[in-house]
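Below: one structure, written as structure tokens.
Please treat every number below as a calculation from the coordinates, not as lab data. All values reported here derive from a predicted model rather than from experimental measurement. Cβ atoms come from the backbone with ideal geometry, glycine included; neighbour counts cover every protein chain shown.
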Amino acid sequence: MKPSPIIAPSILAADFAHLADEVRAIEGAADWVHVDVMDNHFVPNLTIGLPVVRSLREATDIPFDVHLMITDPERWAPGYAEAGAYNVTFHAEACDNPFALAKTLRAAGAKAGLAIDRDTPVEPYLELLPFVDTLLIMTIKAGFGGQKFLPEMLGKVRDVRRRISAMDLEVRLEVDGGIAADTIEQAAEAGADAFVAGTAVYGADDPAEAVRKLKEQASKTGVRA
């Protein structure tokens, strides 16, 4: 049985002055809230950190999908798990021992996610699939919202989906970057089953309805090995 698609609106595209209200606007529709943490070091942008995540965690029951675009994730990632994040994803490019950090995150009570940036080949990390809960493929260059979807990244998605299917694993295959009504079906056809959408949700008049429509599109297409 194929997993139901997950839509994870990114609050990077939300109004930072009203984050709690922006998250509440997608309650009942969104599966996860995608929280982009950037440190102006690993990527050339600075967003929010642990204190904001702690405060926002108290404002909603939607599971938090925290995406750490930071250096030294071994130091900082466990704090997000302890703050109540459902899924904590760190970048392969920033971590010396992904296996150890995934184990630490799981011990701290979170799901462990591994992210692969646009210019990083996925093959060296396929052997880690049994030890993570989510594998995130960037369909843009990490660091900024609002970028255009890069369909050439779907080859990575297909490679990961084939390996997940061959090993019969329960790993979420997430895509992040330029996901909208005109791209989500391509990503679903390639094998993704979790989708980060920023502007497509928070740029809509009705964010919750935008989430529902995206989920309907992803469900219609479905995951294919």
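Considering amide H positions built from the backbone, and no H for Pro or chain starts, which residues 5 or more places from Ile48, or on another chain, come under 5 Å of its amide H?
Met38
Can you tell me which of 5-11, 163-169 comes out highest on packing, and rank the rest after it, using the mean Cβ neighbours within 10 Å?
Most protected by this proxy first, the peptides run 5-11, 163-169.
To the nearest 500 deg cm²/dmol, what mean residue ellipticity at 222 nm is calculated for the chain from DSSP H runs of n ≥ 4 alone, each contributing -39,500 (n - 2.57), summed and divided by the residues?
Only helices count here, giving -9500 deg cm²/dmol.
So if I restrict to the alpha-carbon atoms in the chain, what is the Rg, and what is Dmax, the biggest pairwise distance, in Å?
15.8, 45
Please enumerate, by chain and number, the lysines with C-alpha under 21 Å from the C-alpha of Lys141, excluding those fewer than 8 residues away in the same chain.
Within the straight-line cut-off, Lys141 pairs with Lys156.
Explain nothing, just compute: Karplus ³J(HN,Hα) = 6.51 cos²θ - 1.76 cosθ + 1.60, θ = phi - 60°, for every residue of region 114-131 in order, whole Hz, x for Gly and Pro.
Residue by residue, region 114-131 yields 10, 9, 10, 6, 3, 9, 9, x, 8, 3, x, 9, 5, 5, 8, 3, x, 10 Hz.
Using a 10 Å cut-off on Cβ atoms, rank the peptides 184-194, 70-80 from the highest mean neighbour count down.
184-194, 70-80
Order these by the 10 Å Cβ neighbour count, fewest first: Met138, Met38.
Going from least to most buried by this count: Met38, Met138.
List the residues, sorted by chain then number, that are 5 or more residues from Phe64 or on another chain and whose placed amide H is less than 5 Å from its amide H.
Val33, Tyr86, Asn87
List the lysines whose Cα lies under 18 Å from the Cα of Lys220, skipping any in the same chain that are fewer than 8 positions away.
Lys2
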